[in-house]
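In what follows, a single structure is set out as C-alpha cells and then discussed.
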Amino acid sequence: MVSEMIAAAMSTRVSFFLDGEPDLDALRRGDPDRDLALFQRGERIWVLQTYLRLARAGHPVELTDTLPADGLVVFHVKHRRAIERQWTPACRAVLVGARADNSATAIADFEILQNRSDVAAGRRFFVPHWPQPGILPRDPARGMAIRRVAYRGFDGNLAPAFREAAFQGLLERAGIQWWLDSVPFAGTATDLARVAWHDYREVDLVLAVRPPARDLHARKPATKLYNAWLGEAPALLGAELAYRELRRGPLDYLEVETPEQAWSAIASLRAEPARYAAMIENGRARAVELSPEAILERWRELLFSELPTLAAAPRVRRWQGRPLVLKKLLKRALPRVA
C-alpha cells in the first residue's frame, strides 16, 4: 500500500514552508527520533517534523522558505505573513495551514487541526499532534509502586495551585517526589536543554492540569495524554476537550482539577495496584493509535489522497472563505494606476 501511495504522490508536489530559519540544509538532515531539541517550537513540530518523517518514509517532499508556484504547501499559521509577502497572482499553490493553538487563517485552502473541535468536512481536518520524540517508557522494574509524579511542559500550562509548597509537601509526606520538569514558555536554549520530556523511565504518574477554561481549552491537543500512554505512565489530567475526545473508559486517564482531587486519585491508585497495572496495560494498547507510525499514515492519506482530490475541484470552491484576503493581496501585487 505504501509503495502505491508513493507512486501516486509523484504527480502531487508537496512542499513544507518554514520561515525564518538560518540553515534549512541542517534541518533537512535532522532526525525526529534523535534530535529532540529541534522540536520544541510548534512551527518545527508541525512543519519540520512532518517533512522529516515523510522524507524518511520515501516521499518526494520538499522543505523550503520560498513559496512554491504550485502543488500543496504545508505551513504553520504563524508564518502566514511570510506567505502573504511572497504570494503573487500567478501562484497556484494550494495552501494547507497547520492551525495549532492559533485562530483560523483566511489564506489557507485547507486547515490542519490538533483536535476535533472545529473540524469541517472537505475544509478542516483533524491530524493528531506528533508525540514527544524519542519517548523512553517507564522502567518495569519499578513495579506497581508510586514514588514519583511528574509534570512536563511549560510553566504557564500548570494551574498555580500545583506549584504551591502545600502540594509538594503533601506528596513528600507520603514518600512521593513531585518532579516539575518545566520551563518558561519563551525559554532559552539552555532552559530547553535541561528538560527531559521524553524520559519516563523513573516516572510513575503524569500530572497535567492547566488553569481552568470555560471552553475546556478547545484549541489544545491531547499530547500529554498520549505521551503518557507511550511512556507507560498513568495520567492525571485536567478537564480538556481533546482528552475527553479520546477517552473510551476509566482506564484511559483520571480527570482531576484540584490538588485535593489529585491526591485522592493518587491515594486510590496506591491502594489498588491492580487498577494501576491495568491503566499501564490499557495505555500500551491505546498508544498504538497515536504512535508516530500511525500519525505518519494519517499524513500520507491526507496529503497524497484526500487533499489532491479536493484541490482538483473548481478553483472557486477552494478559494471560498478568503475573498477579502485575496482582494488585499491582489491590491498589493498589482501595480498602481496613476
How far is it, in nm, from the label point at Asp155 to the one at Arg92 when both lie 7 Å from their Cα along the line to the Cβ? 5.1
If you fit an axis through the alpha-carbon atoms of helix 292-301 and take the longest principal axis of the Cα set of the chain, what angle between them do you get, 0 to 90°, nearest 10? 30
Can you give me the angle between helix 273-287 and the longest principal axis of the chain, using Cα atoms only, in degrees from 0 to 90, rounded to the nearest 10? 10
Zone of Thr64's modelled label, taken as backbone nitrogen in the stretch 83-99 under 19 Å from a point 7 Å along Cα→Cβ: 83-98
Amide H of Arg210 versus every other amide H placed in the peptide plane: which residues, excluding those fewer than 5 positions away on the same chain, fall under 5 Å? Ala159, Gly238
Calculate one ³J(HN,Hα) per residue across the stretch 224-235 by plugging θ = phi - 60° into the Karplus curve 6.51 cos²θ - 1.76 cosθ + 1.60, and present them in order as whole Hz with x for glycine and proline. 5, 6, 7, 5, 5, 4, 5, x, 6, 10, x, 10
Could you tell me what percent of the DSSP beta bridges with both partners in the chain are antiparallel, to the nearest 5? 5
Specify the inter-centroid distance of the stretch 90-120 and the stretch 217-251, based on alpha-carbon positions, in whole Å. 24
As a test of understanding, state the convex hull volume per residue of the stretch 163-261 from its alpha carbons, in Å³. 129
Could you work out the helix-only [θ] at 222 nm for the chain, with each DSSP H run of four or more residues adding -39,500 (n - 2.57) and the total divided by the number of residues, to the nearest 500 deg cm²/dmol? -9000 deg cm²/dmol
Sort 234-240, 38-44 for me by packing, meaning the mean count of neighbouring Cβ atoms within 10 Å per residue, highest on top. 234-240, 38-44
Length-normalised contact order of the stretch 83-129, Cα under 8 Å, at least 6 apart, in percent, tallies to 27
Using Cα pairs under 8 angstrom and six or more residues apart, how large is the relative contact order of the chain, in percent? 17
If you consider only alpha-carbon coordinates, what radius of gyration and Dmax does the chain have, in Å? 21.9, 81
Report the relative contact order of the stretch 140-290, percent, no decimals, based on alpha-carbon pairs under 8 angstrom and at least 6 residues apart. 24
Return the FRET efficiency for the residue pair Arg298, Ser268: r is the Cβ-Cβ distance, R0 is 45 Å, and the value is rounded to the nearest 0.05. 0.80
Taking amide H atoms as placed 1.01 Å from N in the peptide plane, list the residues 5 or more away in sequence, or in a different chain, whose amide H sits under 5 Å from that of Glu255. Leu237
Magnitude of the Cβ-charge dipole of the chain, K/R +1 and D/E -1, about the Cα centre, nearest 20 debye? 1280
At 0.36 nm per residue, minus the direct Cα-Cα distance, what do Ala277 and Ala120 gain on full extension? Give it in nm, one decimal, please. 52.7 nm
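Read the figures in this text as sums done on the coordinates, not as results from a lab. The structure presented is a predicted model; accordingly, all values stated were derived computationally and were not measured. No Cβ is skipped: glycine too gets one built from the backbone with ideal geometry, and neighbour counts run over all protein chains shown.
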